[in-house]
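So the structure is just underneath, and the comments pick up after that.
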Amino acid sequence: MSTLLRVEHLTMRFGGLVAVNNLSFTANRGDITALIGPNGAGKTTVFNCITGFYKPSEGRIALAHGAPRMWDELTALTRSDARSVARGDGALFLLERMPDYLVAHRAKVARTFQNIRLFPGMSVLENLLVAQHNPLMAASGYTALGIFGIGNYGGAERAAIAKARHWLDLVGLVDRADDPAGDLPYGAQRRLEIARAMCTDPVLLCLDEPAAGLNPRESALLNELILRIRTDHDVSVLLIEHDMSVVMNISDHVVVLDYGVKIADDHPAAVRDDPKVIAAYLGVEDEEVGQVEAEVGL
Amino acid sequence: MESPSAENDIARAVKDAGFWALVAFGLFLPLIGFQAVQNIRNELTLETRWPLLFAFVAIVAVGRLLQNLLIAPWLERRRQRLAARTTVAVPHWHSRLANVLAPCAIGFALAYPAIALWLGGAGGAAKWIDNFGVQILIYVMLGFGLNIVVGLAGLLDLGYVAFYAVGAYSYALLAQNFGLSFFMLLPLSGILAAFWGLMLGFPVLRLRGDYLAIVTLAFGEIIRLVLINWVPVTNGYAGITGIPRPTFFGIPFNASDEGFAAMFGLPLSPIYRLIFLYYIILALALFTAFVTVRLRRLPVGRAWEALREDEIACRSLGINTTNTKLTAFAIGAGFGGFAGAFFAARQGFISPESFTFLESATILAIVVLGGMGSQLGVAIAAVAMIGGTEALRELDVLKEVFGNDFDPTQYRMLLFGFAMVLIMVVRPRGLIATREASVHLAERKKISSALVREGHG
């Protein structure tokens with residue numbers, strides 16, 4: 001099992017507020033890594049740093065495609081000014097140096113949002129085609145050829161529709177393909193957002209609270225969907241979630257954040273029984289505060 | 001239970017109307033109640049105009065009463081009816097009508113000069129083809145161009161007239177100084193305008209909403225001020241005269257032996273040039289519409305619309321929003337440049353006065369009234385706005401009603417104001433507010449404007 005994503009000494013400050021403080025963790029290829037923590041712990045900030053929406057104040061976020069020996073390039077790449085280095089059988093990216101759209105396009109990190117961000121006025125199918133913008137753009141000769149009908153844009157679009165259809169099948173939305181995305185019920189919108197992210201062919205899928213607002217049946221279906229995506233499509237998953245039925249059932253590895261600091265990093269079962277995690281989530285009896293604080297290192 | 005509440009409503013409406021009448025009286029007393037008149041000894045005297053004042057107050061009171069009793073309940077019922085509709089389905093007849101209307105409109109536009117000639121004769125048709133046909137089509141084209149920026153990409157551009165000006169001056173200067181032909185300069189003007197679109201695009205990429213609108217507005221003013229003040233090149237306020245007219249593929253429209261009429265053995269008449277110009281601008285407008293329709297089905301068009309819907313989601317999907325916005329600006333500006341070149345060639349004279357903010361506002365009004373993103377809606381709105389202005393000139397009936405010194409064109413802005421308020425109340429998203437998806441899996445469906453976003457900037 002090789003490392004896919006390596007977050008090292010990540011710190012994000014907003015003015016005087018330290019949202020994430022010296023966070024390091026790794027996510028392995030093929031794993032489902034969960035990032036959990038109480039509200040305001042800085043989980044979404046970590047996501048925004050990984051996906052390029054925020055530039056971290058400090059730290060390194062590296063992601064490797066292909067051969068594990070790409071990691072040998074890490075020091076050289078960090079010393080250079082380049083954003084990425086590619087060899088025949090792999091590539092290494094420093095995500096903190098890349099703008100958000102390149103993180104998605106080149107490093108192939110796809111994400112969903114805590115408050116769903118679909119294109120509500122576009123049809124479900126169109127939503128999935130927008131996700132395939134870059135390959136389609138190349139197929140249309142960056143519009144210059146496509147506008148004159150030169151080249152095989154038609155074929156590329158049919159292939160894109162076929163791929164969209166495949167994902168609609170998986171998330172059970174084929175019947176709604178021509179309906180506006182904004183017209184879908186909430187749970188379906190969540191699934192569509194995952195399908196849309198998957199249409200970009202990611203190596204790492206970042207899901208920001210995918211089970212928020214879902215009923216127990218829907219979140220069980222979501223578990224199945226995520227597991228299936230992972231096994232069938234060779235994708236690693238990074239997951240922020242409050243719903244412990246999702247976290248404990250499907251994740252291989254859990255990282256717990258509290259006030260921007262990592263307090264646990266282990267298997268789900270080990271994390272569940274960790275007193276620091278319990279303290280962070282549930283608080284502790286008044287008489288134990290001093291003891292726990294000493295343990296946590298406050 | 002029913003009648004006391006109804007009586008209550010009426011009492012409240014009357015009371016409210018009375019209050020409005022009081023406010024109106026207070027407002028209009030100095031404005032309308034008194035008039036300063038110069039008498040025969042050249043002294044200013046104050047006269048009162050009580051009947052007029054009371055007429056105005058009565059209009060306000062009755063209008064408010066009607067609003068309270070009839071219009072407001074009707075709007076409320078309409079709102080409830082719309083809210084009760086859970087799905088945002090579009091009525092079937094609506095989409096069918098749109099499907100029939102577009103070919104009909106194109107057919108009518110193609111046949112229009114013939115109809116005008118048939119109805120008005122060679123003398124009367126000139127006015128109809130030039131003032132109505134060509135003038136409207138210029139704005140249709142500008143509307144289509146701006147529609148790409150505002151309607152599809154959701155970027156509010158208040159300075160669109162700048163690109164129109166760049167196109168017009170490009171044609172005028174290059175044709176005069178280098179003697180290049182119209183059909184050569186047409187694409188060149190478009191390219192130059194597109195280049196200025198990029199120039200504007202770069203600095204405003206980070207701006208959204210109101211900020212973007214203000215900067216584009218300023219850009220339009222900058223271009224106009226440069227045209228006014230760069231006298232050695234643009235000749236300032238005096239403008240450029242004697243701009244070469246387009247020729248019929250090398251054959252000029254004049255009285256010479258090589259002229260169009262002589263070559264084809266037709267009686268000499270200015271109407272041929274007008275018909276030729278009409279078909280040029282019609283071709284340009286159709287070309288713009290065609291390109292826009294094609295672009296919408298290409299990834300770049302879908303990216304524009306996605307950008308209008310949610311920019312952050314676009315970036316998360318690997319779309320370079322910078323480039324996407326720039327292409328929207330450049331292509332929209334390019335069409336403005338085409339229209340500008342045509343305008344200069346048609347007028348033979350251009351000056352900065354043709355490119356004021358009012359023009360930008362008119363074009364934007366056409367796009368908004370038509371329904372952002374809708375080609376047909378924009379065309380209909382252009383006919384209504386520009387054709388309406390011209391038609392007001394023709395309404396001699398009004399002169400008989402209001403007296404001979406009544407000039408209906410003076411009131412056109414007032415009428416447009418009313419028309420716009422009415423449209424915005426009844427159809428806030430424009431005449432044709434539905435959006436058709438660019439691809440479909442099983443069934444072509446229209447998307448109601450309730451879901452389509454207007455863009456954040």
- Conditions (1) facing chain B (nearest Cβ under 8 Å); (2) not in a loop (DSSP other than H, G, I, E, B): number failed by A:G155: (1)
- Item | Where B:L180 falls short, out of the listed (1) among the hydrophobic types (A, V, I, L, M, F, W, C); (2) over 25 Å from B:I251 (Cβ atoms); (3) not in a helix (DSSP H, G or I) | (2)
- Query: Is it the case that some residue within region B:411-425 is of a type outside the set (F, W, Y), more than 14 Å from every other protein chain (Cβ to nearest Cβ) and buried (at least 23 other Cβ atoms within 10 Å of the Cβ)?
  - Reply: no
- Task: Of the numbered conditions (1) within 24 Å of B:I275 (Cα to Cα); (2) buried (at least 16 other Cβ atoms within 10 Å of the Cβ), B:F219 fails exactly one; give the number of that condition.
- Result: (1)
- Query: Does B:A213 satisfy being over 27 Å from the mean Cα position of the chain (by Cα), among the aliphatic types (A, V, I, L, M) and modelled with pLDDT of 85 or more?
  - Reply: no
- Selection within region A:56-90 - among the small types (G, A, S) and touching a residue at least 40 places away in the same chain (Cβ under 8 Å): A:S57, A:G59, A:A62, A:A64
- Query: If you go through region B:148-174 one residue at a time, how many are within 22 Å of B:I251 (Cβ to Cβ) and either surrounded by fewer than 24 Cβ atoms within 10 Å (Cβ to Cβ) or under 16 Å from the mean Cα position of the chain (by Cα) (or both)?
  - Reply: 1
- Message: Suppose we filter A:A138, A:A131, A:A160 for residues that are more than 8 Å from chain B (Cβ to nearest Cβ) and modelled with pLDDT of 90 or more; which single one remains?
- Response: A:A160
- Item | Lone unmet requirement of (1) in contact with a helix residue (DSSP H, G or I) (Cβ under 9 Å, 6 or more places away or on another chain); (2) more than 10 Å from every other protein chain (Cβ to nearest Cβ); (3) crowded, with 18+ Cβ neighbours inside 10 Å for A:V203 | (1)
- Query: What pairs can you find where one residue is in region B:439-457 and modelled with pLDDT under 75, the other is of a type in the set (F, W, Y), and their Cβ atoms are less than 8 Å apart, with a gap of 6+ or different chains?
  - Reply: B:G457/B:Y211
- When A:D169 is evaluated against the numbered criteria (1) at pLDDT 90 or above; (2) within 30 Å of A:N39 (Cβ to Cβ), which criterion, by number, is the only one it fails? (2)
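Residue by residue, here is whether (1) more than 24 Å from B:R315 (Cα to Cα); (2) free of Cβ contacts under 8 Å to residues at least 12 places away in the same chain; (3) hydroxyl-bearing (S, T, Y) holds:
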| position | (1), (2), (3) |
| --- | --- |
| A:S2 | yes, no, yes |
| A:G42 | no, no, no |
| A:Y54 | no, no, yes |
| A:L92 | no, no, no |
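Looking at region A:70-145, what helices (runs of 4 or more DSSP H) fall wholly within it and have at least 3 residues that are surrounded by 20 or more Cβ atoms within 10 Å (Cβ to Cβ)? Spell out the reasoning first.
Numbers: elements: A:74-79, A:100-105, A:124-131, A:133-139.
The qualifying helices (runs of 4 or more DSSP H) are A:100-105, A:124-131, A:133-139.
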- Task: Residue by residue through region B:425-449, note down the ones that are in a loop (DSSP other than H, G, I, E, B), touching a strand residue (DSSP E or B) at 6+ places or on another chain (Cβ under 9 Å) and of a type outside the set (K, R).
- Result: B:T434, B:A437, B:S438, B:V439, B:H440, B:L441, B:S448, B:S449
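For region A:223-236, give me each residue that is more than 15 Å from A:R190 (Cβ to Cβ), β-branched (V, I, T) and crowded, with 20+ Cβ neighbours inside 10 Å. Can you show your working first?
In the first step, residues of region A:223-236 are kept if they are more than 15 Å from A:R190 (Cβ to Cβ); the result is A:227-228, A:230-236.
Now restrict to residues that are β-branched (V, I, T): A:231, A:235.
Passing the criteria: only A:V235.
The values are calculated or read from the model by the stated rules, or taken from the named source; none is laboratory data. Because the structure is predicted, anything quoted here is derived from the model rather than measured. Neighbour counts run over all protein chains shown; Cβ positions are idealised from the backbone, glycine included.
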